[in-house]
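A quick write-up on the structure given underneath.
Read-outs: derived from the displayed coordinates by stated rules, not from any lab. Fair warning: this is a prediction, and the values are worked out from it, not measured in the lab. In this analysis, Cβ positions are derived from the backbone assuming ideal geometry, glycine residues included, and neighbour counts consider all displayed protein chains.
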Amino acid sequence: MEAAPDFDGDEGLDDLDAGGTPVSMASLIEPKHQNDQNKHRSSHPGKNPVNSVWDEELQQNSELKRQVKTSKVGKPLHCTVCNKEFRYAGLLQTHLRAHTGERPFECEVCNQKFSQKSNLRTHLRRHTGDKPLECEVCNQKFSQKSNLRTHLRRHTGDKPFECSICNKKFARAGYLTSHHRTHTGLKSFECTICYKKFSETCSLRTHLRTHTGEKPFECTVCNKKFISGDKLKIHLRVHTGEKPFECTVCNKKFLSRGQLISHLRIHTGDKPYQCMVCQRRFSHLYGLRIHLRAHAGVKPFECTICKRKMSRSTTLKIHLQTHTGEKPFECTVCNKSFTSGNALQKHRKTHAGVKLFECSKCSKKLSCSESLKAHLRIHTGDKPFKCTVCDKKFNRRSHLKVHLRIHTGEKPFECTVCNKKFAYPDCLKIHLQTHTGDNPVECTVCNKKFTSRSYLQKHLRIHTGEKPYGCIVCNKKFRYSSYLKIHLRTRRQALQVHNLQWEI
């Protein structure tokens with residue numbers, strides 16, 4: 001005698017299906033009740049026959065319930081709702097819950113309900129952490145048989161789910177369903193906070209964490225937390241050094257597919273993101289977002305030392321190094337250090353001798369496009385960077401930044417010996433030589449030594465007799481600007497006395 005299956009066990013419904021002549025579920029009820037049930041059903045035309053016949057009889061007769069659940073019928077049973085056929089009555093009963101929405105099995109931990117006991121058992125593993133199923137290839141463990149089957153496709157390369165539109169293949173049916181939405185453009189899941197729409201519930205769930213600040217995925221190496229498992233997976237490659245995504249043009253490797261796609265725009269020149277204010281285009285969305293802050297005047301990142309505000313977190317990071325003196329990026333050729341990776345990258349080109357950008361005016365070659373743009377302003381006389389305090393203009397933003405320290409009094413460069421502060425790194429460098437006694441610059445005439453070339457140039461005027469600073473009142477000339485300033489004060493005082501005598 002064939003043993004009856006456990007219909008609330010681990011076996012799926014489809015494993016026990018069989019073909020044959022359809023039999024209505026009403027035939028399971030005793031014949032003497034059948035006519036009465038049909039008459040009663042006709043009095044409720046809108047009522048589901050599943051509820052009106054099946055549940056009523058089984059609730060009244062526990063013995064019938066036991067027999068129907070475990071007995072194998074001679075003819076296959078037929079679901080009157082969707083016409084699906086079953087070999088066991090118990091399987092039909094379980095299947096009917098899909099139509100009625102009945103979920104009699106409840107989790108005692110989180111109160112989630114399920115239509116099958118096997119689904120509840122699988123769910124409970126989430127709470128217990130039990131993963132009894134192990135991959136024979138890589139020993140990764142799983143709580144569900146379906147997850148293990150899907151995982152094995154990574155090793156076999158099997159992708160059985162194919163898109164009927166573009167023929168792209170996927171390892172999971174869920175991936176294919178999500179992919180289909182890229183063709184339809186359907187985004188049916190909306191955030192109730194910012195009304196952004198998503199094509200998948202999991203994407204919406206991840207997005208909601210940006211509002212709540214929740215970061216449930218933690219790196220076991222550095223304890224950094226992330227809003228999604230995918231972001232954690234990408235982050236872990238920082239520790240492992242893995243860079244699986246390679247550019248086919250320059251062979252540069254990247255941690256994520258998103259980084260590779262962004263990088264490819266360097267080669268294609270594609271700039272899909274445009275500013276609606278000034279029409280400037282950007283290759284990355286975050287570049288556009290940061291740029292928009294310039295129009296809005298938003299500077300959300302503030303230096304805790306000098307209270308200066310920045311529009312970018314990276315700019316603040318680099319700025320903080322002016323206070324700490326930190327220069328973590330070192331050139332392997334000349335050991336010169338830099339505050340940012342971009343500055344080091346530009347510097348490296350000076351060693352490589354690669355100067356691809358040529359000036360159309362004087363044919364001077366430069367190593368990067370930014371340097372060429374700045375150089376061209378020498379020819380055009382363009383000075384787009386204006387000081388908001390004194391209206392002085394500059395052809396480079398870096399020159400304006402340095403100039404602003406005159407107004408702000410900012411002196412970010414501090415001597416580690418005597419704590420004296422300076423506005424410029426060159427001034428600090430020269431000052432440090434007073435502590436070390438180093439005087440590397442020597443006069444070729446009298447062999448006197450100086451801490452800087454500028455001091456030597458001033459000294460040489462003694463030998464050459466050069467006096468470049470002239471008084472506009474009496475045309476008297478001076479060797480140094482400080483001498484001229486003193487002279488002008490005496491002239492001003494003399495003029496004031498003369499004007500006073502004239503008035504008398």
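Structure data summary
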item: Using θ = phi - 60° and Karplus 6.51 cos²θ - 1.76 cosθ + 1.60, couplings along the stretch 212-229 (whole Hz; Gly, Pro as x); result: 7, x, 5, 9, x, 9, 10, 6, 6, 8, 10, 6, 5, 10, 9, 7, 9, x
item: Added length on full extension, which subtracts the Cα-Cα distance from 0.36 nm per residue, Glu358 to His463; result: 33.7 nm
item: Net charge contributed by nearby residues that have their C-beta within less than 15 Å of Asn439 (K/R +1, D/E -1); result: +3
item: At R0 = 56 Å, FRET efficiency that the Cβ-Cβ distance of Thr436 and Thr182 yields, to 0.05; result: 0.30
item: R0 of 51 Å, Cβ-Cβ distance Lys231-Glu370: FRET efficiency to nearest 0.05; result: 0.95
item: FRET efficiency, Leu152 to Arg312 (Cβ-Cβ, R0 35 Å, nearest 0.05); result: 0.20
item: Radius, Kirkwood style, for the stretch 76-156 when every pair of distinct Cα atoms is counted (Å); result: 14.9 Å
item: Shape of the stretch 383-482, Cα gyration tensor, a/c cut at 1.5; result: oblate
item: 13 Å beta-carbon shell around Lys141, net charge (K/R +1, D/E -1); result: 0
item: Value of D in µm² per second that Stokes-Einstein yields for the stretch 337-396, Kirkwood Rh from Cα pairs, at 4 °C (1.567 mPa s); result: 99 µm²/s
item: Computed label-point distance, nm, for sites Cys331 and Glu242 using a 7 Å Cα→Cβ extension; result: 3.7 nm
item: Within straight-line cross-link reach of Lys467, lysines at Cα separation under 19 Å, skipping those fewer than 8 residues along the same chain; result: Lys458, Lys476, Lys477, Lys485
item: Extension gain (nm, one decimal) between Lys299 and Cys275, 0.36 nm per residue minus Cα-Cα; result: 6.8 nm
item: Neighbourhood charge, 12 Å Cβ-Cβ cut-off, centred on Lys393 and excluding it, Lys, Arg +1 and Asp, Glu -1; result: +4
